[in-house]
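Laboratory data are not the source of any read-out in this text; all were calculated from the coordinates shown. The structure presented is a predicted model; accordingly, all values stated were derived computationally and were not measured. Every residue, glycine as well, gets a Cβ built from its backbone with ideal geometry; the counts of neighbours run over all protein chains shown.
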Amino acid sequence: MSGRASLILVVLVAGAAVAALALGPAAVPSAQAQPKAKYKGSEACKMCHDKVHEKAGYNPYQAWKQMKHSRAFAALNAEQVASGKDPQGRACVQCHTTGYGKGGFVSAEKTPKLTNVGCEACHGPGSLHIMTMAMADEGEEIADKKIGKGAGCTQCHNPHVSYKKLYGGK
């Protein structure tokens, strides 16, 4: 490399270093710069998963529709929705909706797609999964096509407490 080319290279590298220092952390990509997954609702999952599982003869959306999870919000009365607490002090909607307190369910009016315990309550918010799969060609394998983890079952289902007995049920 000639002396002039070396000088140009040094000037470019030094200029990039000065620019990075001047711009601060915003100039350096980080994990925080990655988009954050958002809750989309079970209908968004249904669009693809009905097709994906059709060949196997299993329809996860229809199976979910048969579960009590798909009707969990309707089990609450107006008081429980507004301010009701369970025996452990948690808001009732925390366990009867999807993503409450985590960027998901806010209210039946503002986030109607997130009432009930939907796919993303267990699998985590699905927007990035949906985006990744939509960008793939049909049939193309995606290395990271799994959706993240959401809540564990025992965050709502406590094996040591009978909510029916607590609320006067059988």
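Figures for the structure shown
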| item | result |
| --- | --- |
| Peptides 42-50, 122-130, 90-98 ordered by average Cβ neighbours within 10 Å, highest first | 90-98, 122-130, 42-50 |
| R0 of 35 Å, Cβ-Cβ distance Arg71-Met131: FRET efficiency to nearest 0.05 | 0.75 |
| Fewest-first sequence of Phe105, Phe73 by Cβ atoms within 10 Å of each Cβ | Phe73, Phe105 |
| Dipole magnitude of the stretch 47-114 about its Cα centre (Cβ charges: Lys, Arg +1; Asp, Glu -1), debye to nearest 20 | 120 |
| Two-site FRET efficiency, Ala82 against His53, from Cβ-Cβ distance with R₀ of 45 Å, rounded to 0.05 | 0.75 |
| Within-14-Å neighbourhood charge of Ala74 [Cβ basis; K, R +1; D, E -1] | +3 |
